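Read through the structure below, which is laid out as C-alpha cells, and then see the notes.
The values are calculated or read from the model by the stated rules, or taken from the named source; none is laboratory data. On a predicted model such as this, the values are computed, not experimentally measured, just so you know. Positions of Cβ are backbone-derived with ideal geometry, glycine not excepted, and every protein chain shown enters the neighbour counts. The accessibility values were calculated without ligands, DNA or RNA, using every heavy atom of the protein model including side chains. Shrake-Rupley method; radii C 1.70, N 1.55, O 1.52, S 1.80 Å.
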Amino acid sequence: MISIAHPSIGEEEKKAVLEVLNSGMIAQGPKVEELEKEFAKFIGTKYAVATSSGTTALHVALLALGIGPGDEVITSPFTFIASANSILYTGARPVFIDIDEKTYNLDPALIEEKITPKTKAIMPIHLYGQSADMDKISEIAKKHNLLIIEDACQAHGATHNGKKVGSLGNAGCFSFYPTKNMTTGEGGIITTDSQDVYEKSQVFRAHGSKIKYYHEVLGFNFRLTDIGAAIGIEQLKKLPGFNLKRQENAKILTEGLKDIEGLLTPEISVGNEHVFHQYTVRFSGFKKTRDEVNQILNEKEIGTGVHYPLPIHKQEVYKNLGYSDSLPISEKVSQEVLSLPVHPFLKEEDLKEIIRVIKEI
Ligand SMILES: *Cc1c(COP(=O)(O)O)cnc(C)c1O
C-alpha cells in the first residue's frame with residue numbers, strides 16, 4: 001500500500017521525548033516556550049503561542065482578537081470543518097463565500113458583497129499548502145477595517161511574495177496533527193506580531209488567568225505538553241527538508257499527469273511557494289468520475305483522500321443552524337477533487353506507480 005500520509009518520527013524525536021519524560025516536567029514548560037520561540041522565528045513574527053490543536057489555536061486567536069457573539073467572520077466553505085467551527089465556538093457566525101476555481105481558496109472578488117455592519121474579520125484558509133490571495137484580501141480588510149485570521153493549518157512554511165503565511169494577518173494558526181507537514185502528536189500554534197494578541201492568547205489558553213488562581217475571563221485548558229513540544233522542536237528543524245521533498249514529489253506527479261485529458265493538476269499562483277500538504281488533482285470532463293477513479297486507486301493499493309467531499313454549508317450541523325447558501329463552485333469541486341500521496345517518504349517507484357495506474361485508467 002502506498003499511504004496518503006506518513007508522519008516521520010526519527011531517533012531525534014524519540015531522544016527528545018525521553019529527555020522530557022526523565023526531566024519530571026511533562027506538561028507545558030520550557031520545551032513549549034522553546035518551540036514557540038523557534039516557530040515565531042521561522043514564520044517571521046514577534047510571538048507564538050502553542051496550543052493543544054489547530055482547532056484550539058483558531059478558537060483562541062479569534063477570542064484574543066475580540067471576536068464574539070453578534071460578529072460575522074467571512075470564510076471559505078471548502079475546508080476542514082474546524083475552520084468554521086472555531087468561529088461558532090466564539091458565538092460569532094461564519095459567513096461563507098465561494099472559492100476560486102483554480103486554487104480552491106477564497107475568491108476575493110466575492111468578499112465585499114458579503115460585508116455587513118456585523119463583519120469583524122476575514123479568515124482565509126491556505127488550502128492544501130498554498131497561500132490564499134493575500135494581496136487582495138489584505139486590501140479589502142484594510143479598506144473595511146476588518147481583522148485577518150489566517151488558517152495556515154495546512155501551510156507550514158508556505159510563502160506569499162517571499163513572506164511566510166502566518167505573518168500576513170493579525171494572527172496565523174497552524175496545526176501539528178500527525179498528517180500535517182510537521183507534528184507534535186496533537187497540537188497547534190498561533191503566530192502574531194501583536195503583543196496584545198500574544199498576551200490574551202496565553203490567558204485564554206490557561207483558564208483565563210495571568211496570575212495563578214486569579215481568573216479574569218472564561219478561559220480553557222488548551223495547553224500543549226512539553227512531550228509534544230519536544231517532538232515539534234525536532235520536526236521544525238526537519239520541516240524545510242520535508243517541504244522540499246513534497247515539492248519535488250509534486251513536480252514529478254505534475255510532469256507525469258499534466259497531459260491527461262479531463263485531469264487538472266494543481267495550479268500555483270504567481271508569488272506563491274506551495275508546500276503541498278496535499279497534492280490534489282481534479283477530474284472534470286474525465287472518462288470516469290472521481291469516485292470511480294478513487295475506488296480503482298484504492299484497489300491498486302494507492303492511498304488517497306477526498307479533501308473535502310461536502311462543503312461546510314451543506315453539512316448537517318450547519319443546515320440545522322439555518323445555512324442554506326448556494327455556493328456552486330465549492331459544491332462542484334467537492335465532487336471532483338482527489339488527493340494523491342505526496343509525503344516526503346514516497347520512493348521514486350511509488351510516484352511512477354501512481355502515474356502509471358492513473359494513465360492506465
Ligand atoms: C487540520 C486543520 C485544522 C484543525 O487542526 P487540528 O490540529 O486537527 O485541530 C483546521 N483547519 C484546517 C484547514 C486544517 O487542515
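Numbers at a glance
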quantity	calculated
Ellipticity estimate at 222 nm from DSSP helix runs (n ≥ 4, -39,500 (n - 2.57)) divided over the chain, nearest 500	-11500 deg cm²/dmol
Label point distance in nm, Ser23-Asp135, each placed 7 Å from Cα along Cα→Cβ	4.4 nm
Rounded, prolate or oblate (a/c below 1.5 giving rounded, otherwise prolate when a/b exceeds b/c) for the chain by Cα gyration tensor	oblate
Per-residue SASA entry for Asp135, accessible area with 1.4 Å probe, Å² rounded to 10	80 Å²
Radius 13 Å from Cβ of Gly219, net charge of other residues (Lys, Arg +1; Asp, Glu -1)	+3
Among Thr51, Thr304, Thr191, residue whose mean-square fluctuation peaks in a GNM of the chain (springs only between Cα atoms under 10 Å)	Thr304
Considering only the chain, percent of DSSP beta bridges that pair antiparallel, nearest 5	60 percent
Under 22 Å from Lys37, Cα to Cα: lysines that are on another chain or at least 8 residues apart	Lys14, Lys15, Lys46, Lys163, Lys164, Lys180, Lys200, Lys210, Lys237, Lys238
Total charge dipole magnitude, the range 102-207, about the Cα centre, Cβ charges on Lys, Arg, Asp, Glu only, Debye to nearest 20	40 debye
The range 202-230-the range 233-310 distance, computed between alpha-carbon centres (Å)	38 Å
Dipole in debye (nearest 20) - the chain, about Cα centre, beta carbon charges: Lys, Arg +1; Asp, Glu -1	460 debye
Heavy-atom accessible area per residue - the chain, 1.4 Å, Å²	44 Å²
Nearest-10 value in Å² for the accessible area of Ile268, using the 1.4 Å probe	90 Å²
Top of Pro69, Pro341, Pro94 by mean-square fluctuation, Gaussian network on the chain, Cα under 10 Å	Pro69
Whole-percent carbon and sulfur share, accessible surface of the range 285-361, 1.4 Å	48 percent
Sequence of Met123, Met1, Met25 when ordered by accessible area, the most exposed leading, probe 1.4 angstrom	Met1, Met25, Met123
Probe 1.4 Å, all protein chains present, accessible-area order of Ile252, Ile97, Ile260, largest first	Ile252, Ile260, Ile97
Within a Gaussian network of the chain (alpha carbon springs, distance under 10 Å), most fluctuating of Leu338, Leu253, Leu21	Leu21
Accessible surface of the range 21-69, 1.4 Å probe, proportion on carbon and sulfur as whole %	56 percent
Computed accessible area, Glu299, all protein chains, 1.4 angstrom probe, square angstrom	120 Å²
The range 148-180 versus the range 1-28: alpha-carbon centroid distance in Å	23 Å
Nearby lysines by direct alpha-carbon distance to Lys359 (threshold 25 angstrom, same-chain neighbours under 8 apart not counted)	Lys102, Lys245, Lys251, Lys258, Lys287, Lys288, Lys300, Lys332, Lys347
Overall form of the range 258-361 per C-alpha gyration tensor (a/c, 1.5; a/b vs b/c)	prolate
Cα gyration tensor shape of the range 307-361, rounded if a/c is under 1.5, else prolate or oblate by comparing a/b with b/c	prolate
Protein-only accessible surface order, largest first, of Lys31, Lys314 at 1.4 Å	Lys314, Lys31
